[in-house]
Number of protein chains: 2
Amino acid sequence: MGLWLSKMKEAVPEGIRTPGELARFELSHALPGVPVTVEEDASQGDGYRIEPLTDGGLRLTGGSTGVLYGAYRAILDRFCGEELAAPVESTPKYALRMIDCWDNPDGSIERGYAGRSLFFHDGKLTPDPVRIRELGRLLASAGLNVLCINNVNVHFPAQLLLEDDLPSLAALAEMFRPFGVRLMLSVDFSQPMRSGIPTADPLDPAVRNWWKKTATRVWAAIPDLAGFLVKADSEGRPGPFTYGRNHAEGANMLAEAVAPFGGVIVWRCFVYNCRQDWRDTATDRPKAAWEHYAFLDGEFAENVILQVKHGPFDFQVREPLSPLLLGMKKTNLAMELQLAQEYTGHQIDLYTMIPMWKELYEELPADNIMSLAAVSNLGDDANYTGHPLAAVNLYTFGLLAWDPDIDPAAAVGRWVRLTYGLAPAEEQTLTELLLSSRRIYEKYTAPLGLGWMITPHDHYGPNPSGYEYDLWGTYHKANRNAVGIDRTAKGTDFLGQYPEELRKKYEDPETCPDLYLLFYHRLPYTFRMRDGRTLIQRIYDDHFEGLAETRTMAENLLALPFPEPDADVIRERMDRQLYNAREWCDIINTFFFRLSGIPDEKGRKIYD
Amino acid sequence: MGLWLSKMKEAVPEGIRTPGELARFELSHALPGVPVTVEEDASQGDGYRIEPLTDGGLRLTGGSTGVLYGAYRAILDRFCGEELAAPVESTPKYALRMIDCWDNPDGSIERGYAGRSLFFHDGKLTPDPVRIRELGRLLASAGLNVLCINNVNVHFPAQLLLEDDLPSLAALAEMFRPFGVRLMLSVDFSQPMRSGIPTADPLDPAVRNWWKKTATRVWAAIPDLAGFLVKADSEGRPGPFTYGRNHAEGANMLAEAVAPFGGVIVWRCFVYNCRQDWRDTATDRPKAAWEHYAFLDGEFAENVILQVKHGPFDFQVREPLSPLLLGMKKTNLAMELQLAQEYTGHQIDLYTMIPMWKELYEELPADNIMSLAAVSNLGDDANYTGHPLAAVNLYTFGLLAWDPDIDPAAAVGRWVRLTYGLAPAEEQTLTELLLSSRRIYEKYTAPLGLGWMITPHDHYGPNPSGYEYDLWGTYHKANRNAVGIDRTAKGTDFLGQYPEELRKKYEDPETCPDLYLLFYHRLPYTFRMRDGRTLIQRIYDDHFEGLAETRTMAENLLALPFPEPDADVIRERMDRQLYNAREWCDIINTFFFRLSGIPDEKGRKIYD
């Protein structure tokens, strides 16, 4: 087993049936010299307690899944060289710690950068049990417990998973069961129509009945299925709007069907007009989620969870916290993060996410949400995440979902230590490098909160006006004098969706935090920032710095003694990152220089 | 039979074997009341003579293909209501009047906008004989006599046409033979390597021998094969450069192999650096063809024809004549036109090409070239060209290749009369509308010779900076003050590739023809044109006019009584053209307004 479980040499064999059995197997093989007693107490759920004993052994108590999490905690602590001095107890902050795979039945992965699907091939669910057990171990050791295996864009034949292919789904659920990982399934809101029902109207009795019968059948096959994930009325997906119903009516209908079995409905809040006319300045896409959902606060059933992207756009390098996460106190919310590096370097460029996640929590009270979900960065590449260093995002996401108070440096440092046998100074170098990688990527790509200057559709590499006249509602409207959209009360008033404290923090460009300046404000290039620089000079500086820092990062990274095959992949991808960083730096600077005509104060080369 | 043969009701039956037989068949069915004597005289080749007889009959004499062209001339004249008063004689200006299909073995067509391939399905050459006979009739009635059936980008399994699939190719050649249409084949320069030869070096004896043996085998199967078409060292295609040989060495080697059989090698001159760094201002793509070929003038074998695109870029709406067509007096040249509306509206927008072609001939002495070739606009749509009005380009291309002195209005008018049974005033309306369509498309798309502001790769719809930072060498470098590339002696000196007379015509922006201004010059938006307008105002005016004229064109067009199903297609595509024209107009104007900050003098709406 590789990745952060590199020190675990013994594969999980077939035949283990429960997390408790697995905990015992893992402890006995990973810590062979350490006597450990394992006591299960179902009432503790995911929680565990580890007590050091005077004989050098450990007493592990916990819930039926808790003992497994405790076992990995004990094992990985030891692998890190940490000896337990006093008892530790731990329970996760969030009960549902979810990974959403965007895998299609044909084996492709939407926004996948680590190979093909681990689950699907040629239209069928045909996973390799050996890799599923490896994956289960990775997920469990990171504390993750729900896995949605198919794309939220449910295209045929994915519907068959609720029909003829249900036995395959049940078999997969069984493979994951010893790891404490429960499956979730993305479903097609219009699926009843495949059974001859002429409508998918959530208030139609035949539709309601179809879902109830379907849920009964599905949970009979998979009693611990976590629930259904739904992307409705979004980017062409069917949904309640077709029938004049709102999203509470749509979600609650499904919730009613799955409630008897303890299932949940995870309902994605990614609804906006993806056919916007670029000439239309009255519509401002970041406002869309709030407008579609906020008024429904309190209307959703108890087993509905609204899954809200962390920002109001779509996984840009820098977005403010989605206001919906602050404004729906009477609704179950999950925050959706994205491990897949869709806009953040395609698992070619280094981009460690935990510093970004922690920034979200600066404004998000942890109790506002009851779950964390993340779009998967997994695929069937031998290293699972394409770039070996991208695995840090999967692991630290698990730590964050368990405990959002986690320290980023500690989390990344732990991953480094577990993954590579480096000397302490090298560990320090790599940890710092990973922690810095997001800000570096941000510097050479997106200026001060301005996103979307990226190659359309593909989302890798610069194209400063690629989305500017398109239908996606993502405009910067840069002209010869100014750039950005005014989202204050004088503009689109997106900022009006926030509590007053945050509104105040961002509404005045004189006091707005720099890195959000062009998200909220339209400003002239000559705008004088608090540090005395002009806006345009700051853009140039950031881009030149981002490129220079990438070059330094490359030197530092490539001096580290990574083992093969990781070393090879790291080298090859760093070459591509260097090329990409130079393209971004030069193209964004040229773009703004052509517009503004203002030269770099430091006389660096900006191409005409 | 539809299209311009709409009045020919009798399909060509199986079993006709020669153009002479076909001529008799066509005359007897299309002009049943007219006694015609047909006399073949092989020495006349494609030429014919038609003499009106006092009994109301005709005497047709001509070469073995000439009698067929004469028969169509007589028939179509009658369909147009023209009675012959005196004898007419005609011979074509160019012996090879070629259509290049970019059909792939899988049935797709590169830059095809009229459905799938008429020749290939699922990797195999499996044409429908009924449609081939229709197509043969269309080509012959337009005077066209060479058809290259496969894409110049020869990807596997297209190579099999010279191997296992040769019998299918021979069968297709036989189908076309009665129509006087000879096949040509695009070949892969590296094909010998498929037979175990370790190189494709044109000076290697094994390679030379392989091509000789292959030619012997191929011409044994298809004795009248016209030759091979080659795209070498271009956009990733293999070629002589791989082996340190020049293109004369490459082409002559093939020419030697096919010479004994009367075959020709058509060698495309579309070589440029398609991996250009956008920062590199020393390289100017329009210069590439001249730099690669001009010095080889006189080096090519007698049966090599260099096929040169009409402009130095790639089929933009407006390009000057390629200097290569003026500078290789000791080389056989074919000018390549493009019927497929790649950059010119995808057979959605109306775009009648003959006015553009005639502009080329204003600077091109007709004798400089010995052949005309055009990239096909054909596909398996019922109407063959997707848009029924796009067929005018195929037909008038045939007329032009026969006689480049043809009058555009007469050519288009003849097509209109043959195709639709309209009243004279309606014919006049449609003819004028078609003749105006290219200038209208140009107005709402490309400003004053500036191309490439089009959606990358797809090439439909506006994207003013889509290619600006890409690898294709197609930059406008618009900034807040100026736009364009200086191609005079003070700039890249592309203009230096022309004879002095043309250099003088274009080198001074004060006297350069307006529509080429931004092809040759970099100019400030405030540049004062001869008519007193500023450059920026002229750009705005052209775009607003282009949109307004499209709307008028739509009204006029949709008022005409087209028959179904044409009427339906014309309506639907005109709706899309109206949308496209508005997008182009507004986006180009906004793009330049954002850069220049200069408002429209007439106060029309330009979006911010």
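The values are calculated or read from the model by the stated rules, or taken from the named source; none is laboratory data. The structure displayed is predicted, hence computed values, not measured ones. Reconstructed Cβ throughout: ideal geometry from the backbone, glycine too, with neighbour counts over all protein chains shown. For the accessible areas, the whole protein counts, side chains as well, though only heavy atoms, and no ligand, DNA or RNA atoms are used. Shrake-Rupley method; radii C 1.70, N 1.55, O 1.52, S 1.80 Å.
What does the average come to when, for each residue of peptide B:580-591, you count the partner chain Cβ atoms lying within 10 Å of its Cβ?
2
If you take the C-alpha gyration tensor of chain B, multiply each eigenvalue by 5 and take the square root, what semi-axes do you get, largest first, in whole Å? Walk me through the intermediate numbers first.
Working: eigenvalues 299, 211, 92 Å².
Rounded to whole Å, the semi-axes are 39, 32, 21.
Note on B:462-472: average number of Cβ atoms from other chains within 10 Å of each residue's Cβ is 4. Of the residues A:Arg538, A:Arg131, the one with the largest accessible area comes first in the ranking A:Arg131, A:Arg538, computed with a 1.4 Å probe on protein heavy atoms.
Here the Karplus curve 6.51 cos²θ - 1.76 cosθ + 1.60, taken at θ = phi - 60°, turns the phi angles of the range B:523-534 into couplings of 9, x, 4, 8, 3, 8, 7, 4, 7, x, 7, 6 Hz, with x standing for Gly and Pro.
Put a dot 7 Å past the Cα of A:Arg604, heading toward its Cβ, do the same for A:Glu10, and the two dots end up 5.4 nm apart.
At a threshold of 8 angstrom on Cα-Cα distance, excluding pairs fewer than six apart, so keeping six or more, what relative contact order does the range A:84-202 reach in percent? Relative contact order comes out at 25 percent.
Structure shown: which of A:Lys477/B:Lys477; B:Lys93/B:Lys309; A:Lys358/A:Lys602; B:Lys443/B:Lys490 lie over 22 Å apart, alpha-carbon to alpha-carbon?
Working: A:Lys477/B:Lys477 19 Å; B:Lys93/B:Lys309 19 Å; A:Lys358/A:Lys602 34 Å; B:Lys443/B:Lys490 28 Å.
Over 22 Å apart, Cα to Cα: A:Lys358/A:Lys602; B:Lys443/B:Lys490.
Computed from the C-beta positions of B:His121 and B:Lys490 and an R0 of 60 Å, the FRET efficiency is 0.65 to the nearest 0.05. Sorting B:Lys213, B:Lys505, B:Lys309 on solvent-accessible area from highest to lowest, probe radius 1.4 Å, gives B:Lys213, B:Lys505, B:Lys309.
Starting from the label point of A:Pro87 at 7 Å along Cα→Cβ, the same points in the other copies fall at 12.0 nm, in ascending order.
With a cut-off of 8 Å between alpha carbons and a minimum separation of six or more residues, what is the relative contact order of the range B:225-364 in percent?
Values: 200 pairs, mean separation 27.9, N = 140.
Relative contact order here is 20 percent.
Looking at chain B, what % of its DSSP beta bridges pair antiparallel, to the nearest 5?
On the way: 15 of 51 bridges.
Around 30 percent of the beta bridges assigned by DSSP in chain B are antiparallel ones.
Other residues within the sphere of radius under 9 Å centred on the Cβ of B:Ala257, judged by their own Cβ, net out at +2 (K and R +1, D and E -1).
Rounded to the nearest 500, the 222 nm mean residue ellipticity of the protein assembly as shown from helices alone is -11000 deg cm²/dmol, with -39,500 (n - 2.57) taken per DSSP H run of at least 4 residues. Computing Rg and the Kirkwood Rh from the Cα coordinates of the range B:425-580 gives a ratio, Rg/Rh, of 1.05.
Just so you know, the Rg over Rh for the range B:166-241 is 1.02, from Cα atoms, with Rh as the Kirkwood radius. Taking 0.36 nm per residue of sequence separation and removing the Cα-Cα distance, the A:Glu89/A:Asp514 pair yields an extension gain of 149.0 nm. Our note on the geometry: Cα centres of the range B:283-315 and the range A:262-288, 52 Å apart.
If you roll a 1.4 Å probe over the heavy atoms of the protein chains, what accessible area per residue do you get for the protein assembly as shown, in Å²?
Numbers: 42530 Å² over 1216 residues.
Spelled out: the 1.4 Å probe surface of the protein assembly as shown, per residue, equals 35 Å².
Highest mean packing first, where packing is the average number of other Cβ atoms within 10 Å per residue, the peptides B:580-590, B:448-458, A:358-368 line up as B:580-590, B:448-458, A:358-368. Phi-derived couplings, Karplus 6.51 cos²θ - 1.76 cosθ + 1.60 at θ = phi - 60°, listed residue by residue for the range A:256-262: 4, 5, 9, 4, x, 9, x Hz, with x used for Gly and Pro.
Per-residue Karplus couplings for the range B:473-488, computed as 6.51 cos²θ - 1.76 cosθ + 1.60 with θ equal to phi - 60°, are listed in order as x, 10, 10, 10, 6, 5, 10, 5, 10, 8, 8, x, 10, 7, 9, 7 Hz, Gly and Pro entered as x.
For the range B:64-128, how big is the tail of P(r) above 14 Å, as a whole percent of Cα pairs?
Numbers: 1474 of 2080 pairs.
So the pairs more than 14 Å apart make up 71 percent of the total in the range B:64-128.
Plainly put, the tip 7 Å out from Cα toward Cβ on B:Thr242 is 5.1 nm from that tip on each other copy, the closest given first. Directionally averaged projected area (the protein assembly as shown, Cα convex hull): 52.1 nm².
Using the Kirkwood radius built from alpha carbon pairs, what does the Stokes-Einstein equation give as D for the range B:304-381 at 25 °C and 0.890 mPa s, in µm² per second? Before the final figure, lay out the partial values.
Details: Rh = 13.1 Å.
Translational D for this selection: 187 µm²/s.
Relative contact order for chain B: 12 percent, from Cα pairs under 8 Å spaced at least 6 residues apart, divided by residue count. Quick check: net charge around B:Ala215, other residues with Cβ under 13 Å of its Cβ, Lys/Arg +1 and Asp/Glu -1? Local charge sum for B:Ala215: +3.
Provide Rg over Rh for the range A:358-483; use the alpha carbon set for both Rg and the Kirkwood Rh (inverse mean inverse pair distance). Before the final figure, lay out each step's value.
Values: Rg = 18.0 Å, Rh = 17.4 Å.
On the Cα set of the range A:358-483, Rg over Rh gives 1.03.
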